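Peer 1: Handing you a structure now.
Read-outs: derived from the displayed coordinates by stated rules, not from any lab. Values in this document were obtained by computation on a predicted structure and should not be read as measured data. Positions of Cβ are backbone-derived with ideal geometry, glycine not excepted, and every protein chain shown enters the neighbour counts.
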Amino acid sequence: MLNKPKRIKLFIEASAIIEPTMSGIGHNIVSTLNSLVLDNNITRYYEIILLVPRGTLSELDRWKFPDTIRAKQIKLEKHLFQIIFKYGFLPPMDIFYGKGIYLFPNYKNWPLLFSKSITYIYDVAFAIYPDTIQPKNLKMLEHKVPKWIKRTDLVITISQNSKKEIIKYLKVPKNKISVVYCGVDDKEYFKSKTPAIEQIKSKYKIKNKYILFVGNIEPRKNIQRLLEAYCLLSSDIRNEYSLVLIGGGGWLNEDILANIKSLKIEGYNIIHPEEYVLDSELPGLYSGASLLTFPSIYEGFGIPPLEAMACGVPVAISNVSSLPEVVGDAGIYFNPFDVKSISRVMEKALLDKILRKKLINEGLERYKIFSWDKSANSLGQSINKIAGVIQDA
């Protein structure tokens, strides 16, 4: 047993949370951090230190992390650091920042001399669906990910499905991989009141009832088939329900965006806001929807269905990858490669009142399985495993 131990430094590479618009990885870091600092088993044993590029410390202010989280600047500016890292000239970084546990939450990790590390590998889409990845990024991932896995002490992934695929495609021993599920913050995601819903609908010019999609506009999200499936719905349903696509960024999406524009010109009720939709607006958008549809051909986890369920919205989703593991019996499933299947299931989820009630009720229970507190607790156990910490009972 360890009594009043000297705290171990837990360094977290935090460049993903200083970007103006954050990815799901950034949200994962922030949500996990907010729960980690409330876990006495973490704060007792570890001193949390965020590492960010030179000149970006002020970008962390918006998160209002407590004083128990410190931040340090990497000695190089972001662009120069990325060049040195890319070409393999980065020295062991614990020479500069000290011995500890280094947590890398975005695939990449650094060479270390006398410290241990944990690296998040969220999924292996690049190995299973390489045609959905930017060619430049694909080449990097294929070449670098095996090296990053080899030099880390523990791989964290976000579903049992992803763990199985990492073992299968990257030949990683199963005892080197831990699963830490993502979560939903029910202080943010719950059924919004009618005035808030109407306000957000007005902002984005949503006049009808609507089917909602939330995610990056990219091939892996299967939006082209979703558009086809929406067009297959009867004119009565399409007149009553718009299709609202919330998401930007992405890659290899020129054809998707062109198709959205073309269908709108043809008179289909498709809404895709060009402006960035704030995270704070998502609960209202979920709450106002009649259905969330999530037709991805591949997901490492899939947070939007859980967020929608927390807001009391039924979900129609793909029957592939991690999605059945996450959603369980609280969703209605379709084959994401079959446009008719997507369309048929969406129609059933919109029109079958008994089914809708069942999905809403089961969804309101299912999402509670996944919380950021549970995620932080699982991550803490993985950190202890690597650090050799034995907690008091």
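Peer 1: On a 25 Å Cα-Cα criterion, which of the cross-link pairs Lys168/Lys368; Lys9/Lys368; Lys187/Lys353; Lys209/Lys353; Lys116/Lys368; Lys174/Lys374 come out too long?
Peer 2: Lys168/Lys368; Lys9/Lys368; Lys187/Lys353; Lys116/Lys368
Peer 1: Hey, got the dipole for region 194-369? About the Cα centre, +1 on K and R Cβ, -1 on D and E Cβ, debye to the nearest 20?
Peer 2: 480
Peer 1: For Asp352, Asp279, which order do you get if you count the other beta carbons within 10 Å of each Cβ and list the fewest first? Intermediate values should be presented prior to the final figure.
Peer 2: Numbers: Asp352 14, Asp279 11.
Going from least to most buried by this count: Asp279, Asp352.
Peer 1: Would you mind counting up the charge near Lys9? Only other residues with Cβ under 12 Å from its Cβ, with Lys and Arg at +1 and Asp and Glu at -1.
Peer 2: So the surrounding residues net to +4.
Peer 1: Hey, got a sec? Which GluC sites (Glu not before Pro) in region 231-291 land in a DSSP loop and have at most 16 other Cβ atoms within 10 Å? Intermediate values should be presented prior to the final figure.
Peer 2: On the way: sites: Glu240, Glu254, Glu266, Glu274, Glu275, Glu281; in loops: Glu266, Glu274, Glu275.
Here the GluC sites (Glu not before Pro) that fit, given the DSSP loop and packing criteria, are Glu266, Glu274, Glu275.
Peer 1: Determine which lysines satisfy two conditions relative to Lys78: a Cα distance under 20 Å, and not lying fewer than 8 residues away in the same chain.
Peer 2: The qualifying lysines are Lys86, Lys108, Lys136, Lys144.
Peer 1: Between region 56-109 and region 243-306, how far is it from one alpha carbon centroid to the other, in angstrom?
Peer 2: Cα centres, region 56-109 to region 243-306: 33 Å.
Peer 1: Beta carbons within 10 angstrom, averaged per residue: use that to sort the peptides 337-350, 55-68, 285-298, highest first.
Peer 2: For the peptides 337-350, 55-68, 285-298, the packing ranking is 285-298, 337-350, 55-68.
Peer 1: Would you calculate, for the chain, the mean residue ellipticity at 222 nm contributed by helices, counting each DSSP H stretch of 4 or more residues as -39,500 (n - 2.57) and dividing by all residues, to the nearest 500? Present the calculation step by step, with values, prior to reporting the outcome.
Peer 2: On the way: 17 runs with 162 residues, N = 393.
It comes out at -12000 deg cm²/dmol, rounded to the nearest 500.
Peer 1: If packing is taken as the average number of other Cβ atoms within 10 Å across a peptide's residues, how do 36-46, 7-17 rank, most packed first?
Peer 2: 7-17, 36-46
Peer 1: A further question on this structure: How high is the relative contact order of the chain, given as a whole-number percent (alpha carbon pairs under 8 Å, six or more residues apart)? Could the numbers behind the result be given before it?
Peer 2: Numbers: 692 pairs, mean separation 64.6, N = 393.
It rounds to 16 percent for the chain.
Peer 1: Tell me, what is the FRET efficiency for Leu252 and Tyr169 to the nearest 0.05, using R0 = 22 angstrom and their Cβ-Cβ distance as r?
Peer 2: Efficiency, from the Cβ-Cβ distance: 0.55.
Peer 1: Something else now. About its Cα centre, what dipole magnitude does the chain give when the only charges are +1 on Lys and Arg Cβ and -1 on Asp and Glu Cβ, stated in debye to the nearest 20?
Peer 2: On the way: 53 positive and 40 negative charges, 221 e Å.
For this selection, approximately 1060 debye.
Peer 1: Return one quarter of the surface area of the convex hull spanned by the alpha-carbon atoms of region 194-369, equal to its mean projected area, in nm². Don't skip to the answer; put the middle values down first.
Peer 2: Values: hull surface 37.0 nm².
Approximately 9.3 nm², given one-decimal rounding.
Peer 1: Could you calculate, for the chain, the ratio of the Cα radius of gyration to the Kirkwood radius, expressed as Rg to Rh?
Peer 2: Details: Rg = 21.8 Å, Rh = 22.3 Å.
Reported Rg/Rh (Cα atoms, Kirkwood Rh): 0.98.
Peer 1: So, one more: Of the listed peptides 141-150, 302-311, what is their order by residue-averaged count of other C-beta atoms within 10 Å, with the highest listed first? Show your work: numbers first, answer last.
Peer 2: On the way: 141-150: 14.7, 302-311: 25.8.
Descending mean neighbour count gives 302-311, 141-150.
Peer 1: Here is a follow-up. Placing one identical point scatterer on every Cα of region 1-79 and ignoring solvent, what is log10 I(q)/I(0) from the Debye formula at q = 0.16, 0.17, 0.19, 0.25 Å⁻¹?
Peer 2: Reported log10 I(q)/I(0), two decimals: -0.61, -0.68, -0.82, -1.26.
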